[in-house]
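Throughout, read-outs are computed from the coordinates displayed, never taken from laboratory work. All values reported here derive from a predicted model rather than from experimental measurement. Heads up, the Cβs are rebuilt from the backbone with ideal geometry, glycines too, and the neighbour counts pull from every protein chain shown.
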Amino acid sequence: MDSARTEYSNGIPARSVPKSRQDSTKAPELQAVEGRNWLLHRHYSRKEFGICKILVQEELERTRGKHEYANYIQGLILRHEGKIQESLECFQICHSLNQRNVDNIKQVARSLFLLGLHNVALEAYLEAQQVSKTPDWDIFHNLGECWLRLGEHGKAKEALRQAVQLGRHERSYIALANMYKMEGEMQAAIDIYKAAVEASPDSAQLATSLGLLYLQEGKYQHALEKLGGALARDPQCAQALLAAGAMMQNHSDYDVALSKYKIAAQSWPESPALWNNVGMCFYGKKKFVASLSCLKRAHYLSPLDWDILFNLGLVHMATQQYASAFHFLSAAINLKPAHAGTFLLLAITLRHLEDPDNATEAFKQASFLAPLDVSVPLNFAVFLESQGDLEGASLQLVRFQDLAQVTPQISSELLQTSSQLSKSLNSRLLSDTSSKASATGTDANDKSHIEVEAQVRVRNHPIDSSPESEPRNNLADDEV
């Protein structure tokens, strides 16, 4: 047989095919579009965004921008960097490439929500709900958030209840409890947090939030139990430490409170509430310079917090810096004009600044805002007596005595100073006109003592930390 020819078993010769022709007929190897998705996922999960961006760019160039997962990862990275509009465009490309993917619709809706387009975000989440084959707790949770921003509290609560039943995630429990708190239904909020603690018994945040609710309701024993449980799970939990320290501070146990705040400051050094409470601890220990230093740091961190401004005014009054006290108290009144204690301190400050007309108006406003506060008429009586208005001072003293009979737990110092003022008024009313000047000078020390006692009674309580007070990161980590 010729060597240039070959035969099959049936004897039919086969033609020889050139090697170059054999190679040309072989089908080309095409790389799958999803071939490197695993690599993108690995680098994104490790938060290696630099490498991830390079890989995303290579995949988009290879597929001419039609790589769904690469656009998805790029959108997540852009949103993490705060570029919400650019992330929305990436997710819209993903949606155009695969309109039946629920995750693409959810991410489009999330970006719209972060842009403040709550109506459009709501429509997107409703579309995701229709496309989803099974009920998704995340969709119901975000529907509740959208309804809440749009003022539909009833629909928001119903959506959040569905989210809690489907997923039992902390986010849904906290959002639902916050809604009840906004509406003043504290017991319902406590019940939600109880259910959340049962579902997630190892969560220090939920136990802390429940303890803070008990603290607001005055159930101190329950609050202490929950805060202690939170600290047992996480000894470095800053919110629990701050709340426990505030409880100790309210009972004048300043050293124990400061020890709690010292630990909390290691993980939460930029908390205005923390430095406010530390400052008021030093105020209680009569260390006014340290108190002012801490309060001014708190004011720097939160310049529009009226509690901090109020306390700054109070400490400046204690150091007899009345012009500075007037500055901070006026700012506190502008932020919260319905607080009677601020007007009372402002009136006393104006008296020392020798502005009796405005001091009188401030006392009247304090009396209007807090008609049952015994410290207001007592200080008003002292002020009127110093101005020579003995009849007005007598009326305010009678008002104080009437309130004292129906007010429980009045300090003995206030009762003692009111008795001294009563004796002073009686002696001046019975004395001759020529002896008024000498009587005024005799009682100056008593009037100063009365003011100090009244200031202590209206002193602001320490700020209790809550989850709402801490800045929340709206750009939460997204699941891939």
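From a point 7 Å beyond the Cα of residue 368 in the direction of its Cβ, which residues of segment 315-339 have a backbone N at a distance under 16 Å?
333-334, 336-339
Per 10 Å bin from zero, what fraction in whole % of the C-alpha pairs of segment 323-408 is there, up to the bin with the longest pair?
Binned Cα distances yield the sequence 19, 50, 27, 4.
With labels modelled as points extended 7 Å from the Cα through the Cβ direction, what inter-label distance (nm, one decimal) is found for residue 63 paired with residue 216?
Roughly 4.7 nm, to one decimal.
In sequence order, what are the phi-derived ³J(HN,Hα) couplings for segment 137-144 according to the Karplus relation 6.51 cos²θ - 1.76 cosθ + 1.60 with θ = phi - 60°, rounded to whole Hz, with x for glycine and proline?
Running phi through 6.51 cos²θ - 1.76 cosθ + 1.60 with θ = phi - 60° gives 5, 5, 5, 5, 4, 6, 4, x Hz.
So if R0 is 25 Å, what FRET efficiency would residue 330 and residue 285 give, r being the distance between their Cβ atoms, rounded to the nearest 0.05?
Details: r = 28 Å, r/R0 = 1.10.
After rounding to 0.05, the efficiency reads 0.35.
Restricting to Cα atoms and excluding each atom paired with itself, what does the Kirkwood estimate give for segment 206-314 in Å?
In segment 206-314 this quantity evaluates to 14.0 Å.
Gap in Å between the Cα centre of segment 208-237 and the Cα centre of segment 89-131?
39 Å
D for segment 74-198, whole µm²/s, Stokes-Einstein with Kirkwood Rh over alpha-carbon pairs at 25 °C and 0.890 mPa s: what number?
Numbers: Rh = 15.1 Å.
So the translational diffusion coefficient is about 163 µm²/s.
Given a Förster distance of 51 Å, report the FRET efficiency between residue 126 and residue 266 from their Cβ-Cβ distance, rounded to the nearest 0.05. List each step's numbers first, then the result.
Values: r = 45 Å, r/R0 = 0.88.
Step by step, r from the Cβ atoms, then E = 0.70.
Enumerate the whole-percent occupancy of each 10 Å bin, from 0 to the last occupied one, for all C-alpha pair distances of segment 248-370.
Here the calculated profile for segment 248-370 is 15, 41, 31, 12, 2.
How much FRET efficiency would the formula 1/(1 + (r/R0)^6) give for residue 168 and residue 34, where r is the Cβ-Cβ distance and R0 is 25 Å, rounded to 0.05? Working shown, then result.
On the way: r = 33 Å, r/R0 = 1.32.
Efficiency for this residue pair is about 0.15.
Step through the table entries 155/194; 106/157; 106/262, compare each Cα-Cα distance with 32 Å, and write down the pairs that go over it.
On the way: 155/194 23 Å; 106/157 20 Å; 106/262 42 Å.
Table pairs above 32 Å Cα-Cα are 106/262.
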